[in-house]
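Report on one structure; see the data block that follows.
The values are calculated or read from the model by the stated rules, or taken from the named source; none is laboratory data. Quantities reported herein were computed from a predicted structural model and do not represent experimental measurements. When we count neighbours, we look across all protein chains shown, and the Cβ atoms used for this are built from the backbone with ideal geometry, even at glycine. What goes into the accessible areas is simple: the full protein's heavy atoms, side chains included, and nothing from ligands, DNA or RNA. Shrake-Rupley method; radii C 1.70, N 1.55, O 1.52, S 1.80 Å.
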Amino acid sequence: MLAPDISNFKLKHTHHTFSKCTLNGDQLDDTIAKHSFNHSICAVFPDTLNLPSDVSECFSFSTEYYKISNIPVSEFVDNVFIEAFVKRGELTALSLDTLLDIDNCAAVTPRGILVLSLTKAVFQELGVDKGPAVDLIKQMVSQKIQLHINLKNSCFKPGKKNYDRIHNRLKKMKQLTMTFVLSWESDNAKVCPSSIAAYFHKRGYVVEECFPSKTNRIDYNVKLPSESSDPDEMFEWFGLYALGAGEYPDPFHQEFLSTYPGMDMETVGQILFIQLTGLFTTRKVGKILNELRKYMDTRASIPFIGLHVQGFDDAPVSWDNKANHFLTCGDNNYSFILYSNGNASIMKIFV
């Protein structure tokens, strides 16, 4: 058998952007708001052994999201559902165990956009065209087409041709039945987030409570980048530390692994590291950021705080609800370095 001509395989490049801002400015919040589907959160606290209760609680989640099996996508365009949940809170929903490059996938963004990433055959069978509440986006790289349906659009309601056609066509598409993870936060503080689980349970679907996994560790006598380090060096150190990379390889592997020379470093007594994995809404990440801002006001001596948020590789949309151009790498994430002097640095990664 002939070997493939690998020289013709184009690599998918990952892009990085760095920016600086103020800790209490809008740029950090805007970054969070533009990244809807968050799978993992990491935070690093140098010179810290224990966190105050307010900060610790924002990293402690009980029942925060749900897994609902075998839902027809048409359920999300039901007018009762739209009025009760999409228009009265922030819904984040994502199809589970679907591969973006080959499968039909779906999601609902916090802004109320139902995203359908469809194969060409399924799109043609669905027979939905662009309309007042519908945008079409071609993903030529994977021969797929995305439909973005604005569930909050004033014309998207029963009795309107646009709504009735989409609702009826989706109800007939048996292949658009998927398992979703979702989280809903009401605009009314008196309404329980579990209301959405009760809604689907009453409609006969299997609903499972999901609990984010949490990992903590404390390391002692760790070397940190100095305050004069460039942002890219700070983020590089953050990534290495989050992965558990040591300053030097252990003797057993030393002959196989290269050493990382690092930069100007300073030793700190201890570092607290926290990692959460699950489904996290933009509101939840925003709450964590606000607690970290308050904490910085009480810890003038802390060198910095690092916060990293990792997206789902197979989410149909990535930054600012634009199509996720997944092929061999679906990286979409961001990191913050927060300083006690009121400054901050942002790194964003996308393909």
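Considering only protein heavy atoms and a 1.4 Å probe, what is the carbon-and-sulfur percentage of the accessible area of segment 65-210? Walk me through the intermediate numbers first.
Working: 3400 of 6840 Å².
Within segment 65-210, the accessible surface is 50 percent carbon and sulfur.
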| request: Go ahead and set up a Gaussian network model of the chain, Cα springs under 10 Å, then flag whichever of 203, 283, 111 fluctuates most. | output: 203
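If exposed means no more than 11 neighbouring beta carbons inside 10 Å and the site is in a DSSP loop, what's the longest run of the chain without any exposed chymotrypsin sites (Phe, Trp or Tyr not before Pro)? Intermediate values should be presented prior to the final figure.
On the way: sites that count: 9, 252, 256.
After excluding every exposed loop site, the longest remaining stretch is 10-251.
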| remark: Residue-normalised value, i.e. accessible area per residue, for the chain at 1.4 Å probe, in Å², stands at 50 Å²
| task | Would you mind checking 157/284; 171/284; 322/348; 138/287; 171/202; 20/152 for any pair whose Cα atoms are more than 26 angstrom apart? | result | 157/284; 171/284; 138/287; 20/152
| said: Can you bin every Cα-Cα distance in the chain into 10 Å intervals starting at zero and give me the percent of pairs per bin, rounded to whole numbers? | reply: 5, 22, 29, 23, 15, 6, 1, 0
| field | Inter-label distance, nm, simple model (7 Å from Cα along the C-beta direction), residue 194/residue 177 | value | 2.8 nm
| remark: Candidates 325, 15, 39; GNM for the chain (alpha-carbon contacts under 10 Å) flags as most fluctuating 15
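Suppose we flag GluC sites (Glu not before Pro) only when DSSP calls them loop and at most 15 other Cβ atoms lie within 10 Å. Which is the longest uninterrupted stretch of the chain? Can you show the working numbers first?
On the way: sites that count: 227, 247, 255.
Result for the longest clean stretch: 1-226.
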| field | Unit Cα scatterers, Debye sum, segment 88-190: log10 I(q)/I(0) for q = 0.14 Å⁻¹ | value | -0.56
| message | Taking 8 Å as the Cα distance limit and 6 or more residues as the minimum spacing, I'd like the relative contact order of segment 65-210 as a percentage. | response | 38 percent
